[in-house]
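Engineer: Quick one: the structure is below, and I'll ask about it shortly.
Please treat every number below as a calculation from the coordinates, not as lab data. All figures in this text were calculated on a predicted structure; none of them were measured in a lab. For neighbour counting, all protein chains shown are included, and Cβ atoms are generated from backbone atoms with ideal geometry for every residue, glycine included.
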């Protein structure tokens with residue numbers, strides 16, 4: 001069973017796992033946790049996080065593995081219909 005958490009809580013868990021990992025070796029432990037973004041569920045999770053945004057050069061694979069493990073353990077709560085509609089309409093260009 002997955003843990004349902006907010007974007008902030010998921011990002012904090014990614015950050016916690018980055019720092020706590022024995023593979024961080026102090027160098028990769030300084031990587032910034034990426035910000036999760038909601039997506040259509042892909043069979044693993046309903047969010048992704050852009051690894052390259054906060055990873056220090058050479059630590060991209062390490063951060064990717066951390067994000068991958070958190071995606072297996074966490075999901076975002078269901079998105080309210082009003083939020084979904086406003087998100088869809090907010091990205092549309094006006095024809096005028």
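Let's see how each residue does on (1) farther than 29 Å from residue 88 by Cα; (2) under 12 Å from the mean Cα position of the chain (by Cα):
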residue	(1), (2)
17	yes, no
24	yes, no
36	no, yes
44	no, no
50	no, yes
68	no, yes
75	no, yes
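Engineer: Related question: So which residues in region 11-52 are outside any loop (DSSP other than H, G, I, E, B), under 16 Å from residue 65 (Cβ atoms) and in contact (Cβ under 8 Å) with a residue 24 or more places away in the chain, if there are any at all? Full working, then the answer.
Structural biologist: Here is the first cut: in region 11-52, the residues outside any loop (DSSP other than H, G, I, E, B) are 11-20, 28-30, 37-38, 47-48, 51-52.
Filter again for under 16 Å from residue 65 (Cβ atoms), leaving 13-20, 28-29, 48, 51-52.
Hits for region 11-52 are 13, 14, 17, 18, 28.
Engineer: Just give me the residues in region 53-83 being assigned to a loop (DSSP other than H, G, I, E, B), surrounded by 14 or more Cβ atoms within 10 Å (Cβ to Cβ) and in contact (Cβ under 8 Å) with a residue 40 or more places away in the chain, in sequence order.
Structural biologist: Listed by number, the list holds a single entry, 76.
Engineer: If I ask for residues that are surrounded by 14 or more Cβ atoms within 10 Å (Cβ to Cβ) and either on the phi > 0 side of the Ramachandran plot or assigned to a loop (DSSP other than H, G, I, E, B) (or both), which ones from region 1-10 would you list?
Structural biologist: Residue satisfying the conditions is 5 alone.
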